[in-house]
Amino acid sequence: MGEIKVSPDYNWFRGTVPLKKIIVDDDDSKIWSLYDAGPRSIRCPLIFLPPVSGTADVFFRQILALTGWGYRVIALQYPVYWDHLEFCDGFRKLLDHLQLDKVHLFGASLGGFLAQKFAEYTHKSPRVHSLILCNSFSDTSIFNQTWTANSFWLMPAFMLKKIVLGNFSSGPVDPMMADAIDFMVDRLESLGQSELASRLTLNCQNSYVEPHKIRDIPVTIMDIHLLQFHGTKYAAIDPSMVSAEELEVQKGSLGISQEEQ
């Protein structure tokens, strides 16, 4: 992989935004780690939930940008939980501890699935005001590993890391993407066996989100990749679903040539 390149912004972030550690369960080994940045007067902040390989600080660029615009942002790293109900109960206790009745949740990959499960879990007494999902899913069966989910706790750390690394891009990428991948690999190396095993268990344990329990929650699905092909012969969307104004903005921002149309 070579030397890990760490952004100067990351070093500055770690030096100025304190990492908090909070215990809300009876088990003192279950420690939530979080960065809470922005005005404390905001009672409905945006909370970031990381993917399997992520830690709370993988969202440092988002934290720096959003707090600069006046948002309150909380980035979480959750402790070892072995099932979705246990996670949801612990997350509810954390929100109670932080005295937050309602929150906006941003979840990447597994983080997005857990965000949906928490919204489902609290649907009778809603705690989630909106959801933003990035590269996420609503049914763990898509991984075809539900039958192995209960065996991850037995695997050594190097094998678990190999499973996660198999999902990272291995082809040619631009320098910024390469740095981002290196950074995520570095964060992955900081996770212990139990943390990785529990996250992979949550990722693959047989479960799905019940849509009728979150249907009243505003949801934004980040679908950026395909936008670059709007208005071209490679578009994966019905042209009638894209407004002429949106097409012009998209062409201008991406510099789509006449040959591509």
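The values are calculated or read from the model by the stated rules, or taken from the named source; none is laboratory data. Everything numeric here is computed off the predicted structure, so don't read it as measured data. Counting neighbours? That spans all protein chains shown, and the Cβs are built from the backbone with ideal geometry, glycine included. Calculation scope for accessible area: heavy atoms of the full protein, side chains included, ligands and nucleic acids excluded. Shrake-Rupley method; radii C 1.70, N 1.55, O 1.52, S 1.80 Å.
It is to be established whether one or more residues within the stretch 222-235 are at pLDDT 75 or above, within 20 Å of the chain's Cα centre (by Cα) and open to solvent by 80 Å² or more (accessible area, probe 1.4 Å). Talk me through it step by step, then tell me what you get.
If we filter the stretch 222-235 for residues that are at pLDDT 75 or above, which is where we start, we get 222.
After this cut, where a residue has to be within 20 Å of the chain's Cα centre (by Cα) as well, the list is 222.
If we keep only those that are open to solvent by 80 Å² or more (accessible area, probe 1.4 Å) as well, we get none.
No, because not a single residue in the stretch 222-235 is at pLDDT 75 or above, within 20 Å of the chain's Cα centre (by Cα) and open to solvent by 80 Å² or more (accessible area, probe 1.4 Å).
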Cβ-Cβ under 8 Å pairs, at least 6 apart or on other chains, the stretch 168-193 side modelled with pLDDT under 75, far side in a helix (DSSP H, G or I)
168/181; 168/184; 168/185; 169/177; 169/181; 173/181
The correct count of residues that are without any contact (Cβ under 8 Å) to a residue 40 or more places away in the chain and open to solvent by 10 Å² or more (accessible area, probe 1.4 Å) in the stretch 73-97 is 4
Could you count how many residues in the stretch 131-163 are surrounded by fewer than 18 Cβ atoms within 10 Å (Cβ to Cβ) and within 18 Å of residue 210 (Cβ to Cβ)?
6
Residue hits (the stretch 46-94; among the aromatic types (Phe, Trp, Tyr) and either closer than 24 Å to residue 197 by Cα or out of contact with any strand residue (DSSP E or B) (no Cβ under 7 Å at 6 or more places or on another chain) (or both)) are 48, 59, 60, 69, 78, 81, 82, 87, 91
Residue 45 vs. criteria open to solvent by less than 10 Å² (accessible area, probe 1.4 Å) and at negative phi:
yes
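Conditions (1) closer than 11 Å to residue 207 by Cα; (2) at pLDDT below 95; (3) touching a strand residue (DSSP E or B) at 6+ places or on another chain (Cβ under 8 Å), marked per residue:
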position	(1), (2), (3)
113	yes, no, yes
125	no, no, no
129	no, no, yes
133	no, no, yes
136	no, yes, yes
142	yes, yes, no
146	yes, yes, no
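I want to confirm something. Restricting to the stretch 5-24 and keeping residues that are open to solvent by 50 Å² or more (accessible area, probe 1.4 Å) and in a loop (DSSP other than H, G, I, E, B), which single residue is modelled with the highest pLDDT? Write out each step before concluding.
Step one: filter the stretch 5-24 for residues open to solvent by 50 Å² or more (accessible area, probe 1.4 Å), giving 5-6, 8-9, 11-12, 14-16, 18-21, 23.
Applying the additional criterion that residues be in a loop (DSSP other than H, G, I, E, B) yields 5-6, 18.
Working: 5: 61, 6: 65, 18: 93.
By that ranking, first place goes to 18.
Name the residue that is farthest from residue 54 (Cα to Cα), counting only residues in the stretch 25-37 that are open to solvent by less than 30 Å² (accessible area, probe 1.4 Å) and in a loop (DSSP other than H, G, I, E, B). Give the steps one after another, and end with the answer.
Taking the stretch 25-37 as the starting set, the residues that turn out to be open to solvent by less than 30 Å² (accessible area, probe 1.4 Å) are 25, 30, 32-37.
Within this subset, residues satisfying the condition of being in a loop (DSSP other than H, G, I, E, B) are 25, 30.
Details: 25: 22, 30: 17 Å.
That would be 25.
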